[in-house]
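This report concerns only the one structure given below.
Read-outs throughout are calculated quantities, based only on the coordinates presented, and are distinct from any laboratory measurement. Worth saying up front: this structure is predicted, and the values here are computed from it rather than measured. For neighbour counting, all protein chains shown are included, and Cβ atoms are generated from backbone atoms with ideal geometry for every residue, glycine included.
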Amino acid sequence: MSDKDCNELESIKLKGFIFDENNDGSLDSIIDYKENAEGRLEEVSVDFDNDGKADAKIYFEYDASGRISKKSVDKNMSGNINYIQTYEYNENGTYSVHYDDNADGKTDFIETFDSSGNAKMEDVRSKSQKIKDSLKDIFIPNKFKKKFEK
């Protein structure tokens, strides 16, 4: 999918997409979707291990013009949103995507698209947040990471 046209999700029909990603003859994942009353994609469920239960869900919201305004992800079906993207549109054909990588209400990155579809990414985290994220991702052993994931 391209970010050039943020309405592309309306035309994607994911229902019943079945994947045998390693070509072993057994299903690896299934994607299902739900549309809202306007026929726009509202929710995508992914069953990565084909056990009949969704392993992750993606939720979509739209603005009054029918463009995507927000995408929220529950990565582990905990009932909590783990990742958020919000979209801001300008009249001149440009738009930006704001990424909240841990759904803490603070934007971590902003990607701005010009009218030609060219993108520029900006890291807007504070210096202390960058250090904390780097430590979590690189230096802290898994058994200690839980202390930092609040």
- Item | Restricting the stretch 82-97 to residues that are buried (at least 17 other Cβ atoms within 10 Å of the Cβ) and not hydroxyl-bearing (Ser, Thr, Tyr), the residue that is farthest from Ala54 (Cα to Cα) | Val97
- Note on the structure: Among (1) closer than 25 Å to Gly105 by Cα; (2) free of Cβ contacts under 8 Å to residues at least 24 places away in the same chain, Phe60 falls short only on (2)
